[in-house]
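Working notes, beginning with the structure itself.
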Amino acid sequence: MEQVRRDGARLIDHVVGVARNVQRFGEPDPRLLTAALLHDLVEQTDVPLERVRERFGDEVAHLVDAVTNREGESAADSALRARDSGRDALLLRLCDRLDGISRSAGRPEANRRKFLEASRCVHLPLAEEHFPELADEMREALAPAESTLA
């Protein structure tokens, strides 16, 4: 069965997009790329984090955990938790958000509005502070995405 995200994209397309962003904006680190490909696994399937740890090691599991959304957690809390988990976790969170922005047109409008607002108000400032080139790309992606809002 094919996994589909809220924005209508296939999950595989999203995680590959995130991994490509990590390649563009990060250091060539196989553990970080592995975490990028697995980052939604715990959140979107019934695979527990411990299974990720057993198969891919502590560092990959730490990164996956750092970007796994918690029930009831705001976008700001999730982003700050990733930031507090280290530079690689923050890069992964921001690359995830960048890919989500580019796919946001498939979201329902109310959800899209909230998603893009958090992207501009929470994620963009973190990118500006820690990853300026990623922030530039995020700004470029936000402009057309926000223009689709009524």
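In table form, for the structure just shown:
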item	result
Qualifying residue in region 32-46 (condition: in contact with a helix residue (DSSP H, G or I) (Cβ under 8 Å, 6 or more places away or on another chain), loosely packed, with under 15 Cβ neighbours inside 10 Å and over 23 Å from Ser102 (Cβ atoms))	no
Region 78-87 - residue that is farther than 21 Å from Gly17 by Cβ and not aliphatic (A, V, I, L, M) and, of those, surrounded by the fewest Cβ atoms within 10 Å (Cβ to Cβ)	Asp84
Residues within region 12-38 that are in a helix (DSSP H, G or I), modelled with pLDDT under 95 and more than 12 Å from the chain's Cα centre (by Cα), tallied	2
Matching residues in region 28-41 - criterion: being under 15 Å from Asp58 (Cβ atoms) and among the hydrophobic types (A, V, I, L, M, F, W, C)	Leu32, Ala35, Leu38
Residues being in a helix (DSSP H, G or I) and either basic (Lys, Arg) or more than 24 Å from Asp13 (Cβ to Cβ) (or both) - total across region 39-60	7
Cross-chain or 6+ apart pairs with Cβ under 6 Å, region 47-64 first and farther than 15 Å from Asp29 by Cα, then among the small types (Gly, Ala, Ser) and assigned to a helix (DSSP H, G or I)	Leu49/Ala61; Val52/Ala61; Arg53/Ala61
Odd one out for Glu59, checked against (1) closer than 21 Å to Pro125 by Cβ; (2) surrounded by fewer than 19 Cβ atoms within 10 Å (Cβ to Cβ); (3) of a type outside the set (Gly, Ala, Ser); (4) modelled with pLDDT of 95 or more	(1)
Pair list, Cβ under 6 Å, 6 or more apart: region 88-114 residue without any contact (Cβ under 8 Å) to a residue 40 or more places away in the chain and surrounded by fewer than 24 Cβ atoms within 10 Å (Cβ to Cβ), other residue among the aliphatic types (A, V, I, L, M) and part of a helix (DSSP H, G or I)	Ala89/Leu63; Ala89/Ala66; Ala89/Ala82
Single unsatisfied condition, Arg70 versus (1) part of a helix (DSSP H, G or I); (2) out of contact with any Leu (no Cβ under 6 Å at 6 or more places or on another chain); (3) not hydroxyl-bearing (Ser, Thr, Tyr)	(1)
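The values are calculated or read from the model by the stated rules, or taken from the named source; none is laboratory data. Bear in mind that the values here come from a model prediction, so they are computed numbers and not experimental data. Methodologically, a virtual Cβ is constructed for each residue, glycine included, from the backbone with ideal geometry; neighbour enumeration extends over all protein chains shown.
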